[in-house]
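Scroll down for the structure; my scribbles are underneath it.
Derivation of every value follows stated rules applied to the coordinates shown; laboratory data play no part. This is a predicted model, so every value here is computed, not measured. In this analysis, Cβ positions are derived from the backbone assuming ideal geometry, glycine residues included, and neighbour counts consider all displayed protein chains.
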């Protein structure tokens, strides 16, 4: 059973000071690092959704083997990127998708592998870190239409996951799920 990876990397990173897809740590762009995490965990295909500074990301990133999708509505929030990524997977022979935002650099392939192991068309799960919800998120193909219909603003699939009783998957033992919203968050 194939499980796709969906990397949301379209935001402008206003609070951060620029697009987080272009942040480099240890000489590796976050967008490349996150795509590698999904690939290393066995996700295929890996879809990367770009928006703000898409041409700069394309020019600087490697994104080898990824399907790159442009979200013209990126400024409306993560929900539109989630919809664009799910649309790109429509008709693909995959049972589920693991969703990862580019601004969670502490998520590891080991965390993504936990979700691949749970994958089925009916699956719905989200990572938790010491009881707090986080990423990655697993969305079975049976849920794609519902998630797309409910994804709005920056909430993404949050409301859908809550309303449909997504499985809580503790991941603090193998990853750090912190969202990096400001450069100062990198120090913690």
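Tabulated data for the structure shown
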item	result
Two-site FRET efficiency, residue 1 against residue 33, from Cβ-Cβ distance with R₀ of 25 Å, rounded to 0.05	0.45
Residues residue 184 and residue 60, FRET efficiency given R0 of 22 Å [Cβ-Cβ distance, rounded to 0.05]	0.35
Net lengthening on full extension, residue 120/residue 40 (0.36 nm per residue, minus Cα-Cα)	26.8 nm
Cα gyration tensor category, rounded, prolate or oblate, for the stretch 3-187 with a/c compared to 1.5	rounded
Residue among 177, 27, 85 with the largest mean-square fluctuation in a Gaussian network model of the chain, springs linking Cα atoms under 10 Å	27
Residues in the stretch 29-65 that a label on residue 12 would reach, taking backbone N under 11 Å of a point 7 Å out along Cα→Cβ	52-53
Whole-number D in µm² s⁻¹ for the stretch 27-76, Kirkwood Cα-pair radius fed into Stokes-Einstein, 20 °C, 1.002 mPa s	189
Fewest-first sequence of 43, 66 by Cβ atoms within 10 Å of each Cβ	66, 43
Cα→Cβ-extended label distance, 7 Å offset, between residue 145 and residue 164, nm	1.1
DSSP bridge orientation in the chain - percent antiparallel, rounded to nearest 5	40
CD proxy at 222 nm, helix term only [per DSSP H run n ≥ 4: -39500 (n - 2.57); per residue of the chain; nearest 500]	-8000 deg cm²/dmol
